[in-house]
Amino acid sequence: MLTSFLAIPRVYKRGISVCADLLLLTLAFWGGYWVRLDANIPLQSVLHWQMLALLLPITIIIFMRLGLYRAVLRYVGFKVLWTVSLGVLFSSMSLVMLAFFMGVSLPRTVSVIYFSFAVLLIGSVRLFFRALVSRGKLQRVSVLIYGAGSSGRQLQLALNQGQEYFPVAFVDDDPVLAKAVIQGVNVYSPDMIEELIARFDIKKILLAIPSASRGARQAVINRLEQCPCEVLSIPGMADLVEGHAHIDELKEVSIEDLLGRDSVAPIPDLINANISGKRVMVTGAGGSIGSELCRQIIRCRPSQLVLFELSEYGLYAIDKELNEINLHEHLQVELVPLLGSVQRQHRLQAVMSTFQIQTVYHAAAYKHVPLVEYNVVEGVRNNVFGTLYCAQAAIRAKVETFVLISTDKAVRPTNTMGTTKRLAELVLQALAAAQSQTRFCMVRFGNVLGSSGSVVPLFRKQIRDGGPLTVTHPDIIRYFMTIPEASQLVIQAGAMGLGGDVFVLDMGEPVKIIDLAYRMIRLSGLKLKSDIYPGGDIEVKITGLRPGEKLFEELLIGEQVEGTAHPRIMKASELMLPWPQLRTFLAELDSACFRFDHEQIRSLLLSMPTGFNPTDGICDLVWQAKNTLPHMPHFTAVDDIDFLNSESHQPVHS
């Protein structure tokens, strides 16, 4: 019945409200006489009925002018009592004047009693209706709002107008707000959260503290982690202010909040040094790191930004996004989207020379450890020779600064990917010492949250699918950093390089992956399923280390490290090879790759001073198939052209 009433057209609801008010005003009018005169109510007096007949339309008109009938009854709050009181006050004054001009007997207290009755009847009926509708929507999820500030209050109003959540309580750390009532909802101390969950059967806790520091948010999340509720968060204050998000756009708790730390404001001179007013190129512009670098770079207003990407869709997506940023923020940066592979040196040199590039950020690489183990030749080609060709092209195009995005897996690598990235570092170190045309530097850091292949989105998907969460080893640990922070630090580190520098980023404390899995399960409002608790919701499954995977990563090879102008950027002093010696090795490695000679590739990688200590044999899928299937054909090199004997492929002149 209630649902049917709510579904009728709004004009009919207003008509019903007017009729109800007419009845209630009549009751208040005669109720005033009844309280004042007891049994001597002048019900037989025609003058009294005539006065009431004039009073009722006057009062309804007053209510209309005050907007009482424009309010949606299911969303009215206690503010409606003020509107009703004001309207009834004018109605009481009208009653007194009508009685005076019509010569009707009106004891003085009747008007006061009429005012009281009318306010109580008309106001309480509206509040009762709102409560009835709320009770009729018990299917809405009971939620607790953590944060009773302006964001929390806005969130409560937004949720009250929706059909999904029903705010039952506020929680706030401010002792001044304890026991306060905000918009009809009580504010409690955080110490009462568990009691509130049991009392109101709360299913979700909504974080409404967008302006709090990441450290403060992390402390709150740690407190809520043990609660049997899903924890959701409203968007950050920057997104709310800029209009990129709405207050009621709830999302899962950011792992950046869970594991991160407050970012350090960039140093303007460093962030702008290699970018502002210059022609900048980003290789791998469509990848996780490359795309964020582009977002950071475009806001520093280069004169031109060249996006170099192998993936057509990746290039399309980042070009479209950057054009929207360009338009909305009035940056007027010229964007040049170019398809190409870093394994094509002529293409690289043509691009850098044509557009007179001044700064290159080389983010193009294969970074997924098991996939590079399965595709060794392509991993070496892309990561080692792709970096070599980019560096050669930069030298010949007279590029001023070249920054390589490296990885912590390059330190004492146990896999091919890490070894190729360390070789890429050695290439740049050698070229930096062999010439002075281009300033080369490398920035080494660990995992970034939310990147392609990152464990965080994988865990989220597995939780949505009902599990299990897969962890390769119970003791495996990793460093994590947000993509924006890593990209910002890369740009600043590139401005500090003198030539051949290896910079490492302060990644904070390492994170145990299995603990991360447990926390994500708990923050989703689920219970861990295990042998001890077989009735849990979702389990964590140990799958074993993947090919080339390490239990822990490092950022430094040696112990020699020094600080820089930025508190989260350090400079490492590490072993390098002279270019003539490295050039000979690269010739042998190129020849082995061309012949698909995986045994020779493995032998060469082991012979280099990279610290390569493989945990597995050769895992390349083509090599394994060739050696396990008896009738697989052997591959022969056709049109074998040694890149060292070809002028166009010569690495660099000594």
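Bear in mind these aren't lab numbers, they're just calculated from the coordinates by the rules spelled out. Here the structure is a predicted model, which means the values were calculated and not measured. Ideal geometry is used to build each Cβ from the backbone, glycine not excepted, and the neighbour counts take in all protein chains shown.
For this structure, a couple of remarks:
- When you count the other C-beta atoms within 10 angstrom of each residue and take the mean per peptide, 352-358, 305-311, 482-488, 149-155 line up highest first as 305-311, 482-488, 149-155, 352-358.
- Charge tally in the Cβ shell below 12 Å around Thr438, where Lys, Arg are +1 and Asp, Glu are -1, Thr438 excluded: +2
- Scanning residues 5 or more positions from Arg439 or on other chains, those with amide H under 5 Å from its amide H are Thr401, Phe402, with H placed 1.01 Å from N in the peptide plane.
- Relative contact order (%) - the stretch 395-531, alpha-carbon pairs under 8 angstrom, separation at least six: 27 percent
- Equivalent ellipsoid, the stretch 292-407 (semi-axes from 5 times Cα gyration tensor eigenvalues, Å): 25, 18, 12
- Across the cross-link table entries Lys204/Lys320; Lys367/Lys461; Lys203/Lys527, which are compared at the Cα atoms, the separations over 25 Å belong to Lys204/Lys320.
- Over all directions, the projected convex hull of the C-alpha atoms in the stretch 402-548 averages 9.9 nm² in area.
- Here the peptides 501-510, 331-340, 101-110 are ranked by packing, the mean other Cβ count within 10 Å, and the order with the highest first is 501-510, 331-340, 101-110.
- The stretch 101-220, Rg to Rh (Cα coordinates; Rh as Kirkwood inverse mean 1/r): 1.20
- Residues whose placed amide H lies under 5 Å from that of Val448, excluding near-sequence neighbours: Met481
- Couplings for the stretch 536-547, taken from phi via the Karplus curve 6.51 cos²θ - 1.76 cosθ + 1.60 with θ = phi - 60°, read x, 8, 8, 10, 10, 10, 8, 9, x, 4, 7, x Hz in order; Gly and Pro are left as x.
- Exposure proxy ranking for Thr420, Thr610, Thr387, based on other Cβ atoms within 10 angstrom of each Cβ and starting from the fewest, stands as Thr610, Thr387, Thr420.
- Least to most buried among Glu574, Glu599 (fewest other Cβ within 10 Å first): Glu599, Glu574
- Karplus (6.51, -1.76, 1.60) ³J(HN,Hα), θ = phi - 60°, over the stretch 397-405, in Hz, Gly and Pro reported as x: 8, 6, 5, 6, 10, 10, 10, 9, 8
- Annotation: the residues Tyr518, Tyr114, Tyr165, Tyr374, sorted from fewest to most other C-beta atoms within 10 Å of their own C-beta, follow the order Tyr518, Tyr374, Tyr165, Tyr114.
- Built amide H within the under 5 Å cut-off of Val511, gap 5+: Arg478, Tyr479, Phe480
- Per-residue Karplus couplings for the stretch 509-521, computed as 6.51 cos²θ - 1.76 cosθ + 1.60 with θ equal to phi - 60°, are listed in order as 7, x, 10, 7, 5, 5, 5, 4, 4, 4, 5, 5, 5 Hz, Gly and Pro entered as x.
- Full-extension gain in nm, Ile618 to Asp174, via 0.36 nm per residue minus C-alpha separation: 153.9 nm
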